[in-house]
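Student: Pasting a structure here, questions to come.
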Amino acid sequence: MRYAIVSDVHANLESLERALAAAQPSDTLVSLGDVVGYGPNPNECVAILRDRCRHAVLGNHDLAALDNFGVDSFNSVARSAIIWTQSVLDEPSRAWLNALPYELRFPDFLLVHGAPVRYFDYVLDKAAAAAAFERTDAPLVFIGHTHIAEYWTCDEEGAIGHKHMQHGGELELEAGKRYIVDVGSVGQPRDLNPDPSFVLYDSERRHVEWIRYSYAIDEVARKMHAAGLPSYLAERLALGR
Ligand code: ZN
């Protein structure tokens, strides 16, 4: 089975369409949350993922759009984007987001938005990765949330390894190691590369590949401006941060 795993689409339709074009129709599509927030096309992105995803979990921006969860801790641009998203989100989109689980566990892997058990924690350093590995026995965990394409390993002695995938790359899963794979962000990459990121996971070959690709940033920025979203949110797309 091959999986195409996207995360943090953040209502960026142009990028989502390019990601799906780079995957195969036969790939099992997975979403790790934050389908909405920041970008100008929340309903369109939800409709695509609702139709095409086999598995999907909830992100913190999805929850914020539904019921204001955590909005007090958002910065001012994220907050104004959520208020705008709430004003345009249609009922079918709300219903689909509202039914998403916080985690999905399969025999071989776990799907969460940010981290095991504490779903909206950020795995940004070795200490956070070690804590995340301690909270699950899953051999392989797929996460998003940080908008940084990278992975973390935990060997049998508990030593933590790490590698960035700023320009894409591949990983052969080794026996005796556990992995946290951060697929990066489709809608708003933050690892200083404006090219978005998603992952192809081949479960038979035990192989993970990060795909980076370009898309029409100018068109998304134009739509964000037309919607009255904060201009900083458009500027950061071109900077990858
Ligand atoms: Zn996000």
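The values are calculated or read from the model by the stated rules, or taken from the named source; none is laboratory data. What you are looking at is a predicted structure, and each value in this text was computed from that prediction instead of being measured. Ideal geometry is used to build each Cβ from the backbone, glycine not excepted, and the neighbour counts take in all protein chains shown. Side chains included, ligands, DNA and RNA excluded: accessible areas come from the protein's heavy atoms. Shrake-Rupley method; radii C 1.70, N 1.55, O 1.52, S 1.80 Å.
Student: Restricting the count to DSSP beta bridges whose residues both fall in region 1-145, what percent are antiparallel, rounded to a multiple of 5?
Tutor: Taking every DSSP beta bridge within region 1-145, about 25 percent pair in antiparallel fashion.
Student: Normalised by the residues of the chain, what does the relative contact order come to in percent, with Cα pairs under 8 Å and at least six apart?
Tutor: Worked out over the chain, it gives 23 percent.
Student: With a 10 Å radius around each residue's Cβ, average the other Cβ atoms per peptide and rank 48-60, 141-153, 218-230, highest first.
Tutor: Ranking, from highest mean packing down: 141-153, 48-60, 218-230.
Student: In degrees, nearest 10, range 0 to 90: what is the angle between the Cα axis of helix 76-88 and the longest Cα principal axis of the chain?
Tutor: Compared with the principal axis, the helix lies near 70 degrees.
Student: Further, regarding this structure: What percentages, rounded to whole numbers, describe P(r) for region 124-205 computed over all alpha carbon pairs with 10 Å bin width beginning at zero?
Tutor: 18, 52, 28, 3
Student: Output the 0 to 90 degree angle, nearest 10, between the alpha-carbon long axis of helix 13-22 and the longest principal axis computed from the alpha carbons of the chain.
Tutor: 40
Student: Out of all Cα-Cα pairs in region 49-170, roughly what percent, to the nearest whole number, are more than 22 Å apart?
Tutor: In whole percent, the long-distance tail amounts to 44.
Student: For region 179-241, what does the relative contact order come out to in percent, with C-alpha contacts under 8 Å and a separation of six or more?
Tutor: Relative contact order, region 179-241: 36 percent.
Student: Let me ask something else. Shape call for region 74-128 from the C-alpha gyration tensor, a ≥ b ≥ c root eigenvalues: rounded (a/c under 1.5), prolate (a/b greater than b/c) or oblate?
Tutor: oblate
Student: Within the accessible area of region 2-238, what % is carbon and sulfur when the probe is 1.4 Å and the other protein chains stay in place?
Tutor: 49
Student: Computed from the mean reciprocal separation of all distinct C-alpha pairs, what Kirkwood hydrodynamic radius does region 65-104 have, in Å?
Tutor: It works out to 11.1 Å.
Student: On to the next question. Keeping every protein chain present and rolling a 1.4 Å probe, give me the accessible area per residue for the chain in Å².
Tutor: With all protein chains present, the chain gives 42 Å² per residue.
Student: Additional query: With Cβ to Cβ distances under 14 Å as the rule, what net charge do the other residues near Leu171 carry (K, R +1; D, E -1)?
Tutor: -2
Student: Just the C-alpha atoms of region 1-94: what Rg/Rh do they give, with Rh taken as the Kirkwood radius?
Tutor: Answer for region 1-94: 0.99.
Student: Which number do you get for Rg(Cα) / (2.2 N^0.38 Å) in region 153-241?
Tutor: The reported ratio for this selection is 1.37.
Student: I've got another one for you. Helix-derived [θ] at 222 nm for the chain: sum -39500 (n - 2.57) over DSSP H runs of at least 4, divide by residue count, nearest 500?
Tutor: -9500 deg cm²/dmol
Student: I've got another one for you. Just for the Cα atoms in region 2-238, what are the lengths along the principal axes, largest first, rounded to whole Å?
Tutor: Principal extents (Cα only, largest first): 52, 34, 31 Å.
Student: For region 1-43, what relative contact order do you get, as a whole percent, if you take Cα pairs closer than 8 Å and at least 6 residues apart?
Tutor: 58
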